[in-house]
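Chemist: Sharing a structure, written as structure tokens. Questions coming.
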Amino acid sequence: MIGPYVLPDDVFDALAAGEGGRPAVLLLRRARRSRNLLLLRRALDGPCGGAAEAAAGLLAGVERVAPEAARSVIDGPAFGAWAARTLRDCPAHGRGGCAGRDLAALTVLAAVRAAHPARITVPVREGRLALPGLGTVTGLGEAPEALVVVEATAGAEGTPGTSAGNCRVRVRVLTAAGERVLPRDPSRPGHGWQPVAVLDARHRGLTLRLPLETATPELPALETASAGPAAWRELLRQAWELLVENHPRRAEELAAGLNGIVPLPAPARGVASATSRHAFGTVLTSWPADPERLALTLLHEFQHSKLSALTDLVTLYEPGGRPRLYAPWRPDPRPPGGLLQGIYAHLGDLAFWQDRSGRRHGPARADAAWRLAQTRAHVERGLTEAAAHVRLTDLGARFLERLARTVRDAEGDGGGCGGARLARAVARVQAGDEAVWRLRWAAADDAGTDRLAARWRSGRPAGPLPPQDVRAATGAVAGPGPEFGRWAARQRGAERARSAREAADAVLAAPHRAQGWAELAASAAEEGRPGADLLRARTELVRDLVLRLTAHQTATPPGTPSPHPPDPLALAAWLADTDPDPGPPPGDGLAVPAGPGSAEVPKGPAAGAGTAAGGESGAGGESGQNTGVSMSQNARSPLAKTSATG
């Protein structure tokens, strides 16, 4: 099952353009399977190997008689996450709770699907025995483990229940307190048994079949009464029709690559969704409430899966460069790999809103056009950030160049919903967002800022700007706040920005108010003021200078000539050397460093055990993004801790 993989040039370029098609997805899926097997081998050779040995033996036995049954588990939602957790951060090894033991729960599904006799000990947690892909046994009390027995017997055709060929399967669960027998048809609920529901959707001959995975050991017990399997099934049916009708090529990719939906607890507002870079094709999401949102979530999250699998095979960037970067779709700084993940995932959003803006009418069309324009602006700004601060390989430069071409080719609304007015509004919101982000995360060098203040007071040129440091995020990170949200909402209906002069005066009156700096950055950019790019991209430096100069004026002895007023517009122009043409602000254009034209995808075998580069991780928590979906990572699931959410 493990073999070398060659990624053809045309497949690489198609993936870089945002799609790739069914053949590309199947190749990525096979490569990820090989990676999972190599991780299993490493786990068995490591300190947790003894705890996983019996389960690995059972899986190997199933593979010999029923390869597809074994592959369905290795490709499934939980296997890669289990292997990564066991290798990297098993917290209880040697204390009876080793993560290696959890492999047993995964292998039961393979035995059942193959009708392969098995006896395997599976951990029990808080009275629950979770069997991924099958279901959950509850009410087991304080038993630390259970013996799961899979028995195969001859069965008559048409008899309900799990079967393989002419065999019938019975599953027994034994603990010190007694025995439980699963229903003859394990897909049906029973006393103390909650099965994993399978969601089926079919349209125009294209079928999507996904387990609603509620039995992963990493997940808490979720209450699904308000959105049970029937509700999920109907919502998926409608979303699938939308995808097949309007995005047929991407729907083929989803049919080939998606392998499960993991329901997450609902956040306070919006929708929480994520992707584990170790679980190819698995989408973690809270209840999306409407088919459009579910369709968008599937498109967005599967882009993450594709890029994670692709970076198992090729290297897009090298270590070095800035470790924490600006991504306009996130409230927190992102690592280089996380920035690339977000850019790529938003190609799915771009395709979705491009289609929606052409099909909707009235206010719904205007909303879709806004989201399309904002998504394009986000991707363009992300590309500019990556080009400037990520150490791209030749393949990485080629990847982003193909991606940028897709963004350039994406048609807009054509002026039907505002045209230039819409573009100005989106630019204002993006400039303000970046300014607020800079104030929150970036810190200028104090000594360098003091030097600039002294040069300003003496009337000398600014000279080189001091270095900056972007702080790391810790814990859950909220968005820019309700004040910014209200200001951003007003921009959609505004013909013009507030005058830069008025915005500057407001900043001088309240220099600690982040919203004032957001308005000033937006207004200066719209008016083309000298130094407008610095008000957006070095906001923290301009603010620190205003505060230092104001404090110095307050401390000036009586009778001393008054220094120049610390006007933020004048300061920004001075820092930019009063260049009458400050150039385009960050994000305008799609500048990507061009790699050598002869750069090729490696023709030889790729390392299937490579680590997915830069899957996004850490806590999120923002809501109301351009996708209409909150890509929050506050979900109580360790799967989300390794998510690649953008």
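Chemist: Could you pull out the residue among 122, 65 that is at pLDDT 95 or above, under 23 Å from residue 198 (Cβ atoms) and not aromatic (Phe, Trp, Tyr)? Show your work before the answer.
Modeler: Working: 65 fails: under 23 Å from residue 198 (Cβ atoms).
Residue meeting the stated conditions: 122.
Chemist: Additional query: Condition test on residue 80, is it out of contact with any Cys (no Cβ under 8 Å at 6 or more places or on another chain), free of Cβ contacts under 8 Å to residues at least 40 places away in the same chain and farther than 30 Å from residue 410 by Cα?
Modeler: Taking the combined requirement at face value, the residue does not satisfy it.
Chemist: May I ask you to list the residues in the range 364-402 that are assigned to a helix (DSSP H, G or I) and in contact with a Phe, Trp or Tyr (Cβ under 7 Å, 6 or more places away or on another chain)?
Modeler: So the first thing to find is which residues in the range 364-402 are assigned to a helix (DSSP H, G or I), and the list is 364-389, 394-402.
368, 371, 372, 375, 378, 385, 396, listed by residue number.
Chemist: Quick check: is even one residue across the range 556-569 among the aliphatic types (A, V, I, L, M), at pLDDT 95 or above and surrounded by 16 or more Cβ atoms within 10 Å (Cβ to Cβ)? Before you say what the answer is, go through the steps one by one.
Modeler: First, pick out the residues of the range 556-569 that are among the aliphatic types (A, V, I, L, M): 569.
Then keep just the ones that are at pLDDT 95 or above; that gives 569.
Pick out the ones that are also surrounded by 16 or more Cβ atoms within 10 Å (Cβ to Cβ) and you get 569.
Looking for residues that are among the aliphatic types (A, V, I, L, M), at pLDDT 95 or above and surrounded by 16 or more Cβ atoms within 10 Å (Cβ to Cβ), one finds at least one in the range 556-569, hence yes.
Chemist: Here's a follow-up. Given 289, 295, which one is out of contact with any strand residue (DSSP E or B) (no Cβ under 9 Å at 6 or more places or on another chain), under 29 Å from residue 368 (Cβ atoms) and part of a helix (DSSP H, G or I)? If you could, list the steps in order and put the result at the bottom.
Modeler: Working: 289 fails: part of a helix (DSSP H, G or I).
The match here is 295.
Chemist: Take the range 371-394 and flag every residue that is within 19 Å of residue 330 (Cβ to Cβ) and more than 21 Å from the chain's Cα centre (by Cα).
Modeler: 388
Chemist: Out of (1) out of contact with any strand residue (DSSP E or B) (no Cβ under 6 Å at 6 or more places or on another chain); (2) closer than 29 Å to residue 74 by Cα; (3) modelled with pLDDT under 95; (4) surrounded by fewer than 24 Cβ atoms within 10 Å (Cβ to Cβ), what's the single condition that is false for residue 277?
Modeler: (4)
Chemist: Okay, next question. Could you count how many residues in the range 538-553 are surrounded by fewer than 20 Cβ atoms within 10 Å (Cβ to Cβ) and under 34 Å from the mean Cα position of the chain (by Cα)?
Modeler: 0
Chemist: Mind telling me which of the residues 242, 299, 307, 284 ends up being over 13 Å from the mean Cα position of the chain (by Cα) and either under 23 Å from residue 106 (Cβ atoms) or buried (at least 17 other Cβ atoms within 10 Å of the Cβ) (or both)? First the steps, then the outcome.
Modeler: Values: 299 fails: over 13 Å from the mean Cα position of the chain (by Cα); 307 fails: over 13 Å from the mean Cα position of the chain (by Cα); 284 fails: over 13 Å from the mean Cα position of the chain (by Cα).
One residue alone meets the criteria, 242.
Chemist: Based on what the data block shows, is residue 393 over 21 Å from residue 244 (Cα atoms), surrounded by 21 or more Cβ atoms within 10 Å (Cβ to Cβ) and not assigned by TED's automatic domain parsing to the domain that holds residue 489? It would help to see each step written out before you state the result.
Modeler: Details: over 21 Å from residue 244 (Cα atoms): yes; surrounded by 21 or more Cβ atoms within 10 Å (Cβ to Cβ): no; not assigned by TED's automatic domain parsing to the domain that holds residue 489: yes.
So residue 393 fails the test.
Chemist: Scan the range 431-449 for residues that are among the acidic types (Asp, Glu) and either part of a strand (DSSP E or B) or surrounded by fewer than 14 Cβ atoms within 10 Å (Cβ to Cβ) (or both) and report the count.
Modeler: Of the range 431-449, the ones among the acidic types (Asp, Glu) are 433-434, 445-446.
So of that shortlist, the ones also either part of a strand (DSSP E or B) or surrounded by fewer than 14 Cβ atoms within 10 Å (Cβ to Cβ) (or both) come out as 446.
Qualifying residue count, the range 431-449: 1.
Chemist: Yes or no: the range 465-484 includes at least one residue that is more than 28 Å from the chain's Cα centre (by Cα), surrounded by 13 or more Cβ atoms within 10 Å (Cβ to Cβ) and in the same structural domain as residue 427 (by TED's automatic domain parsing). Break it down into steps so the answer makes sense when it comes.
Modeler: First, the residues of the range 465-484 that are more than 28 Å from the chain's Cα centre (by Cα): 465-467.
Add one more test, that the residue is surrounded by 13 or more Cβ atoms within 10 Å (Cβ to Cβ), and what stays is 465-466.
From what's left, in the same structural domain as residue 427 (by TED's automatic domain parsing): 465-466.
Looking through the range 465-484, at least one residue is more than 28 Å from the chain's Cα centre (by Cα), surrounded by 13 or more Cβ atoms within 10 Å (Cβ to Cβ) and in the same structural domain as residue 427 (by TED's automatic domain parsing).
Chemist: Which condition number does residue 347 fail, the rest of (1) part of a loop (DSSP other than H, G, I, E, B); (2) crowded, with 23+ Cβ neighbours inside 10 Å; (3) out of contact with any Lys or Arg (no Cβ under 9 Å at 6 or more places or on another chain) being met?
Modeler: All conditions are met except number (1).
Chemist: Oh, and also: Being in a loop (DSSP other than H, G, I, E, B) and buried (at least 19 other Cβ atoms within 10 Å of the Cβ) is the filter; apply it to the range 15-32 and report the residue that is farthest from the chain's Cα centre (by Cα). Write out each step before concluding.
Modeler: The first filter runs over the range 15-32 and keeps only residues in a loop (DSSP other than H, G, I, E, B), leaving 17-20.
Those still in the list that are buried (at least 19 other Cβ atoms within 10 Å of the Cβ) too: 18-20.
Details: 18: 15, 19: 17, 20: 19 Å.
The residue in question is 20.
The values are calculated or read from the model by the stated rules, or taken from the named source; none is laboratory data. As the structure is a prediction and not an experimental result, all values here were calculated from the model. As a convention, Cβ positions derive from the backbone with ideal geometry for all residues, glycine included, and neighbour counts pool all protein chains shown.
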